[in-house]
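Engineer: Structure in structure tokens, see below.
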Amino acid sequence: MLFATNEWAKAYCEAINNNSDYKEAASWWEGDFIFVIEPSENLDKKIRMFVGLNHGDCTGARILEEGEESDAEFIFSGPYENWLKVLNKELDPIQGLMSGKFKLQGNMAKVMRATKAAQELVNSTTVIETEFY
């Protein structure tokens, strides 16, 4: 299925909920994300994906419509080419953040305490048969 579509977001949420390592690593975590995929390479539009995360569970994931607001605690953004590197496990999301390949709006210290959970969020993508732009 095509990356960063509603169908993909739903499959991602299910994959997170089926990942026992994520459940353990994020048992204390409270905080929803908006992942912003900025246009680059073959992607010609900005995509904003909401991912609800609470105590090791994904409470829902979907693509936000143009202009739609969300009260997510965190916004993690970067160009499509860097998202590809993360999804292909060539770039760790936290290292990408520290090296300026991604930007974060929200409490950086809280995110830094959740590096294992972040890695498991990436691992959850690997069970989805994903088609890229």
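Engineer: Please pick out the residue among G96, G100, G78 that is over 17 Å from K10 (Cα atoms), modelled with pLDDT of 95 or more and loosely packed, with under 13 Cβ neighbours inside 10 Å.
Structural biologist: Being over 17 Å from K10 (Cα atoms), modelled with pLDDT of 95 or more and loosely packed, with under 13 Cβ neighbours inside 10 Å holds for just one of G96, G100, G78, which is G100.
Engineer: All but one of (1) surrounded by fewer than 17 Cβ atoms within 10 Å (Cβ to Cβ); (2) aromatic (F, W, Y); (3) part of a strand (DSSP E or B) hold for Y133; state the number of the condition that does not hold.
Structural biologist: (3) is the only condition that Y133 fails.
Engineer: Let me ask something else. Kindly indicate whether V111 is in a strand (DSSP E or B), in contact with a strand residue (DSSP E or B) (Cβ under 8 Å, 6 or more places away or on another chain) and among the β-branched types (V, I, T).
Structural biologist: It is false that V111 is in a strand (DSSP E or B), in contact with a strand residue (DSSP E or B) (Cβ under 8 Å, 6 or more places away or on another chain) and among the β-branched types (V, I, T).
Engineer: Now for a separate question. Tell me which residues, restricted to the range 4-21, are surrounded by fewer than 18 Cβ atoms within 10 Å (Cβ to Cβ) and either in contact with a strand residue (DSSP E or B) (Cβ under 8 Å, 6 or more places away or on another chain) or closer than 13 Å to G52 by Cα (or both).
Structural biologist: If the condition is that a residue be surrounded by fewer than 18 Cβ atoms within 10 Å (Cβ to Cβ) and either in contact with a strand residue (DSSP E or B) (Cβ under 8 Å, 6 or more places away or on another chain) or closer than 13 Å to G52 by Cα (or both), then T5, N6, K10, E14, N17 are the ones that fit.
Engineer: Closer than 21 Å to N6 by Cα and either acidic (D, E) or in contact with a helix residue (DSSP H, G or I) (Cβ under 8 Å, 6 or more places away or on another chain) (or both) - does that describe any residue in the range 89-109?
Structural biologist: The answer is no, given that none of the residues of the range 89-109 is closer than 21 Å to N6 by Cα and either acidic (D, E) or in contact with a helix residue (DSSP H, G or I) (Cβ under 8 Å, 6 or more places away or on another chain) (or both).
Engineer: Have a look at M1, M49 and point out the one that is aliphatic (A, V, I, L, M), buried (at least 19 other Cβ atoms within 10 Å of the Cβ), at pLDDT 95 or above and over 15 Å from N123 (Cα atoms).
Structural biologist: M49
Engineer: Okay, next question. Suppose we filter E69, E65, E24 for residues that are loosely packed, with under 15 Cβ neighbours inside 10 Å, closer than 20 Å to T115 by Cα, acidic (D, E) and out of contact with any Leu (no Cβ under 8 Å at 6 or more places or on another chain); which single one remains?
Structural biologist: None of the others qualify; the one that does is E24.
Engineer: What are the pairs, 6+ residues apart or on separate chains, where a residue within the range 103-115 that is within 19 Å of E38 (Cβ to Cβ) has its Cβ under 6 Å from a residue that is surrounded by 12 or more Cβ atoms within 10 Å (Cβ to Cβ)?
Structural biologist: From the range 103-115, the pairs are K103/S77; L104/F76; L104/L97; Q105/I75; G106/E73; G106/F74.
Engineer: While we're looking at this one, here's another question. Of all residues in the range 72-99, count the ones that are without any contact (Cβ under 8 Å) to a residue 12 or more places away in the chain and outside any helix (DSSP H, G or I).
Structural biologist: Final tally of qualifying residues: 4.
The values are calculated or read from the model by the stated rules, or taken from the named source; none is laboratory data. Keep in mind the model is a prediction, meaning the values are calculated, not measured. As a convention, Cβ positions derive from the backbone with ideal geometry for all residues, glycine included, and neighbour counts pool all protein chains shown.
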